[in-house]
Amino acid sequence: MMMLKHFAPFLPKKSTKMDQSPDLPGSAVWATMSARVGSISDNQLGGWYSYRASKAAVNQVTKTFDNYLRTAAGDKAMAISLHPGTVKTGLSKEFWSNVKDEKLFSVEFAAEKLIEVTRTRSMEQRGKCFDWKGDEVPP
């Protein structure tokens with residue numbers, strides 16, 4: 001939320017002239033890191049109370065911020081949340097042995113996939129959470 005406070009003013013407004021480049025998305029995209037465990041409807045295992053609650057909150061902030069952007073920026077800016085999968089970092093180290101090799105991602109792979117997902121979102125997908133494959137994570 002502190003990032004929103006300080007960086008949201010730099011996002012385009014409805015009146016902002018946009019230069020269209022084939023290398024850039026058609027609108028500005030505010031992307032926030034989230035996780036699949038933030039999905040309330042997909043919670044089949046329980047546990048991880050604080051982490052689940054914090055990621056559900058991230059998704060709510062994303063949706064709420066996107067509602068603001070609809071008014072302030074129209075189709076020139078949107079907000080989404082991203083789930084990178086299980087990335088081989090210190091945060092997930094204790095879970096590596098429980099994750100299949102093909103589902104344990106390098107930092108580079110996860111970053112590439114999330115950039116791809118961010119670049120390919122449409123205005124109809126705004127305010128939602130997506131995983132590294134581009135599939136919507138249910139609220």
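Some observations on this one:
- Subset of segment 5-27 (residues that are modelled with pLDDT under 95 and of a type in the set (A, V, I, L, M)): Met18, Leu24
- Segment 87-139: number of residues that are over 18 Å from Thr62 (Cα atoms) and aliphatic (A, V, I, L, M): 7
- Any hit, segment 74-82, residues being touching a helix residue (DSSP H, G or I) at 6+ places or on another chain (Cβ under 9 Å) and surrounded by fewer than 13 Cβ atoms within 10 Å (Cβ to Cβ): no
The values are calculated or read from the model by the stated rules, or taken from the named source; none is laboratory data. Computed from a predicted model, the values in this text were never measured in an experiment. Please note: Cβ atoms are built from the backbone with ideal geometry, for glycine as well, and neighbour counts cover all protein chains shown.
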